[in-house]
Amino acid sequence: MKNISRSISVAAFAFLAALLFSLQSCNRSESETARTVVTGDTLSGGRLQVAYVNVDSLLTNYQYSKDLQDEFMRKAESKQATINQQGKSLEADMAEFQRKVENNAFFDQDRARREQERILKRQQDFQALSQRLSAEMQEDQLKMNAALSDTIRSQIKVYNATIGHYAMIFSNTMGDNLLYADEVYDITKEVTEFLNGRYKKSDSTPVAPAPATKK
């Protein structure tokens with residue numbers, strides 16, 4: 001089930017990655033280097049400053065993302081251990097009941113019936129427990145994704161306002177969003193370094209974004 005939990009986590013991260021970068025900024029700079037400027041004839045001679053981020057790489061190397069994932073896995077593994085433990089106990093109880101039935105160990109039918117009812121009640125309780133803990137794991141996953149998404153969005157805005165000054169930052173998730181892009185426009189490494197630099201692992205929270213200033 002640990003592998004299942006990891007598969008759920010990876011799938012949710014893939015879903016999250018598609019939402020992370022659809023950011024636009026009004027900050028434009030005419031003094032940017034040629035690396036960050038694209039001249040388009042279809043834009044009436046205007047210049048569009050664009051870049052892209054490899055989201056898979058960002059999520060893999062962003063320390064806040066790794067810490068959130070580790071925390072989620074610890075909680076998921078603990079819940080799964082509880083399910084496994086209760087399941088094994090129930091199986092042993094059922095096997096013992098079956099053994100007694102096969103060996104006519106019950107003195108009367110009424111006692112056998114009460115024992116059967118007790119085991120059926122345990123089965124129902126186990127199913128309810130399993131469903132509840134599974135739902136909690138899904139809720140933990142959603143909360144983790146929301147926290148990560150909100151943090152990256154806010155920090156990307158700070159990065160762009162203070163360093164990047166791009167008109168648009170694209171996401172490249174598993175190579176699906178960009179059919180082709182020159183690597184010169186890949187800012188994944190510097191964005192990752194920026195995010196890690198603002199992350200305070202001591203209290204597991206990123207540095208608060210600076211207030212937006214209007215120009």
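Data overview
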{"item": "Subset of segment 86-123 [aromatic (F, W, Y) and modelled with pLDDT of 90 or more]", "result": "F97"}
{"item": "Scope segment 72-88; condition more than 19 Å from K121 (Cβ to Cβ) and surrounded by fewer than 18 Cβ atoms within 10 Å (Cβ to Cβ); matching residues", "result": "M73, R74, K75, E77, S78, A81, N84"}
{"item": "Residue tally, condition part of a helix (DSSP H, G or I) and either open to solvent by 100 Å² or more (accessible area, probe 1.4 Å) or among the hydroxyl-bearing types (S, T, Y) (or both), over segment 173-191", "result": "4"}
{"item": "Failed item in (1) open to solvent by less than 20 Å² (accessible area, probe 1.4 Å); (2) farther than 21 Å from K66 by Cα; (3) among the β-branched types (V, I, T), with I156 passing the rest", "result": "(2)"}
{"item": "Among (1) aliphatic (A, V, I, L, M); (2) modelled with pLDDT under 95; (3) part of a helix (DSSP H, G or I); (4) within 17 Å of T192 (Cα to Cα), the one test that A11 misses", "result": "(4)"}
{"item": "Flag for F97 being surrounded by 11 or more Cβ atoms within 10 Å (Cβ to Cβ) and aromatic (F, W, Y)", "result": "yes"}
{"item": "Pair list, Cβ < 8 Å and 6+ apart or interchain, from segment 87-106 residues that are assigned to a helix (DSSP H, G or I) to residues that are open to solvent by 60 Å² or more (accessible area, probe 1.4 Å) and at pLDDT 95 or above", "result": "L90/R122; D93/R122"}
{"item": "The lone exception for K121 - which of (1) open to solvent by 70 Å² or more (accessible area, probe 1.4 Å); (2) in contact with a Pro (Cβ under 6 Å, 6 or more places away or on another chain) it fails", "result": "(2)"}
{"item": "Test result for A105, hydrophobic (A, V, I, L, M, F, W, C), surrounded by fewer than 17 Cβ atoms within 10 Å (Cβ to Cβ) and in contact with a Lys or Arg (Cβ under 8 Å, 6 or more places away or on another chain)", "result": "yes"}
{"item": "Residues satisfying the stated conditions in segment 53-67, i.e. of a type outside the set (S, T, N, Q) and either crowded, with 22+ Cβ neighbours inside 10 Å or in contact (Cβ under 8 Å) with a residue 40 or more places away in the chain (or both)", "result": "V53, V55, D56, L58, L59, Y62, Y64, D67"}
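For every residue, the table says whether it meets (1) at pLDDT 95 or above; (2) of a type in the set (S, T, Y); (3) in contact with a strand residue (DSSP E or B) (Cβ under 9 Å, 6 or more places away or on another chain).
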residue: Y64; (1), (2), (3): yes, yes, yes
residue: L68; (1), (2), (3): yes, no, no
residue: T82; (1), (2), (3): yes, yes, no
residue: F126; (1), (2), (3): yes, no, no
residue: Q138; (1), (2), (3): yes, no, no
residue: V158; (1), (2), (3): yes, no, no
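The values are calculated or read from the model by the stated rules, or taken from the named source; none is laboratory data. As the structure is a prediction and not an experimental result, all values here were calculated from the model. We place every Cβ from the backbone using ideal geometry, glycine too, and count neighbours over all the protein chains shown. Side chains included, ligands, DNA and RNA excluded: accessible areas come from the protein's heavy atoms. Shrake-Rupley method; radii C 1.70, N 1.55, O 1.52, S 1.80 Å.
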